[in-house]
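Peer 1: A single structure is presented below for examination.
Laboratory data are not the source of any read-out in this text; all were calculated from the coordinates shown. Keep in mind the model is a prediction, meaning the values are calculated, not measured. Glycine also receives a Cβ, built like all others from the backbone with ideal geometry; neighbour counts cover every protein chain displayed.
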Amino acid sequence: MNGGLDDVLDLRTLLKRLPPDQLGLFEPVSGLMILNLSSEEFTAIAKRMEAGSSTATDVDGMRTINHEIYHFAQTVASGYMYDRQFQIFSQIDPASLTPELRHKLERGRPVSGTDEDPTSGPVNRQERASAVADLALEMDRISTLQRRAAPGDHSLAGAVFPRLFEHLRTLAAAEREVNEEGLSIHHLLEGSAVVHAELLLAGRAGIRQRVERQLAALPPAYRGAVDWTLERHRDRAFELLLPVVALALRYARPHDAYPTLLEAIAGSPEGEELARGRALSRDLPEIPRAGPLLGTAIDVHEKTAKYRVYDAILGDLDRGTWGVDSYAYLADPEAMLRVPSFPLGCLLTDGWTHTVKDAELGARMVIMSIVLKVKSRSRTELDFQRSLASWAQDFGRRMFGRSEPTGD
């Protein structure tokens with residue numbers, strides 16, 4: 001299952017552990033799906049779903065997976081979401097580190113004391129001097145990381161890339177900010193994922209009741225776009241929402257584009273919402289309050305030479321490999337069924353399964369471990385404390401002939 005990656009890097013140390021009550025998470029910068037399932041559980045669910053013998057728990061699991069896959073679709077099909085992930089990725093660039101910290105991180109290494117008995121032979125003074133110098137360097141490195149981290153942030157990534165997490169905090173606040181109509185970007189992203197997941201799972205029969213059941217168990221923000229659309233077009237809300245979101249996410253401020261695009265598509269005859277959205281996608285209007293028109297992810301990708309995570313699927317979408325384009329991928333749940341596989345890595349509690357190259361999976365897992373703060377800085381500090389204790393004991397034996405303090 002692991003494909004020999006552990007020969008180069010112990011990727012298990014990069015696995016993200018989700019809370020027990022969270023089944024799945026899609027991390028969009030790395031393009032990795034994290035599931036709170038073992039490989040055995042994952043395989044068993046897939047077999048039951050295929051055989052038509054799934055349990056209620058299986059269905060809930062698939063609903064969660066569908067929801068997270070739609071966030072993947074948002075990234076590979078819309079200019080807003082692709083640019084969002086690229087801007088986050090740009091904050092991870094090692095070139096963004098200060099020369100001082102880069103030097104310390106490259107030179108820093110765990111310091112080991114010595115158990116050498118001073119009575120057993122001559123002391124290697126050069127080695128001891130080197131150990132003291134390393135100890136001082138490690139102290140300096142630890143203090144530098146502590147100074148850079150935000151208050152209460154004990155992650156290694158938070159200390160090494162503080163600007164990344166400041167960017168993420170600013171982004172989260174901006175995406176939750178509501179406009180004068182009461183809409184936010186977060187409303188569009190999450191509400192559309194709920195609706196798409198339900199349509200993909202069981203079609204349009206009883207869609208409103210099924211979506212309402214799901215929204216009742218989710219945070220209030222998830223229902224913002226759904227309720228807003230229902231208030232204006234109660235009988236057609238679930239035909240309109242996905243085509244409108246698919247186009248709104250091509251603008252820099254999607255929530256400010258949504259009202260204008262909703263009315264434009266709602267002007268079509270009933271049953272023609274999807275087709276009207278497609279026609280509109282070829283000549284989107286300028287909406288000043290919505291900011292620049294970014295286009296699709298393919299459009300933005302042309303300007304992001306360093307960010308290669310989604311190269312494969314963007315190429316397939318651009319070539320029309322499956323007869324699915326960027327608009328359909330977001331607006332029409334049936335289009336997703338025509339895509340035979342996703343270039344995703346799926347991380348499980350005991351390993352991973354993936355359709356990307358091994359080396360690429362390793363690179364993606366490093367990105368994910370940074371964005372999700374997988375590694376704690378406390379481990380680095382604990383290693384240092386052990387090294388310091390070992391060095392102090394050694395120093396005590398050499399100077400006083402004993403390794404334990406007297407308490408005097």
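Peer 1: Taking 0.36 nm per residue of sequence separation and subtracting the Cα-Cα distance, how much length would be gained by fully extending the chain between residue 337 and residue 366, in nm to one decimal? Can you show the working numbers first?
Peer 2: Values: separation 29, 0.36 × 29 = 10.44 nm, distance 3.02 nm.
Result: 7.4 nm gained on full extension.
Peer 1: Listed here are the pairs 16/47; 47/373; 306/373; 47/306; which of them are more than 31 Å apart at the Cα? Show your work: numbers first, answer last.
Peer 2: Values: 16/47 25 Å; 47/373 33 Å; 306/373 22 Å; 47/306 39 Å.
Cα-Cα > 31 Å for 47/373; 47/306; rest within.
Peer 1: Still on this structure, please answer the following. So what's the net charge close to residue 259: Lys and Arg +1, Asp and Glu -1, counting the other residues with Cβ under 12 Å from its Cβ? Numbers along the way, then the final one.
Peer 2: Values: positive: 232, 253, 289; negative: 180, 181, 231, 256, 263.
Taking every Cβ under 12 Å from that of residue 259, the sum is -2.
Peer 1: Karplus couplings for the stretch 285-295 from phi (6.51 cos²θ - 1.76 cosθ + 1.60, θ = phi - 60°), rounded to Hz, Gly and Pro as x?
Peer 2: Taking θ as phi minus 60°, the curve returns x, 6, 10, x, 5, 8, x, x, 7, 7, x Hz for the stretch 285-295.
Peer 1: Okay, moving on. May I ask you to evaluate 6.51 cos²θ - 1.76 cosθ + 1.60, the Karplus curve with θ = phi - 60°, for each residue of the stretch 60-67 and list the ³J(HN,Hα) values in order in whole Hz, giving x for glycine and proline?
Peer 2: 4, x, 5, 4, 5, 4, 4, 4
Peer 1: Between the alpha-carbon centers of the stretch 176-250 and the stretch 23-68, tell me the distance in whole angstrom.
Peer 2: 22 Å
Peer 1: When the Karplus curve 6.51 cos²θ - 1.76 cosθ + 1.60 is applied with θ = phi - 60°, which whole-Hz ³J(HN,Hα) does each residue of the stretch 19-33 get, with x for Gly and Pro?
Peer 2: Calculated HN-Hα couplings, in order: x, x, 8, 10, 7, x, 7, 9, 9, x, 5, 8, x, 10, 9 Hz.
Peer 1: Given labels modelled 7 Å from the Cα in the Cβ direction, how far is it in nm from residue 178 to residue 41?
Peer 2: 3.6 nm
Peer 1: Using the Cβ atoms and a cut-off under 13 Å, what net charge is assigned to the surroundings of residue 182, where Lys and Arg are +1 and Asp and Glu are -1? Write down the numbers at each step before the final one.
Peer 2: Values: positive: 176, 223, 232; negative: 177, 180, 181, 227, 231, 256.
So the environment of residue 182 carries a net charge of -3.
Peer 1: Taking amide H positions as placed 1.01 Å from N in the peptide plane, with prolines and chain starts having none, which residues 5 or more places from residue 32, or on another chain, fall under 5 Å of its amide H?
Peer 2: 27
Peer 1: Under 5 Å between amide H atoms, partner at least 5 residues away or on a different chain: which partners does residue 351 have, H built in plane at 1.01 Å?
Peer 2: none
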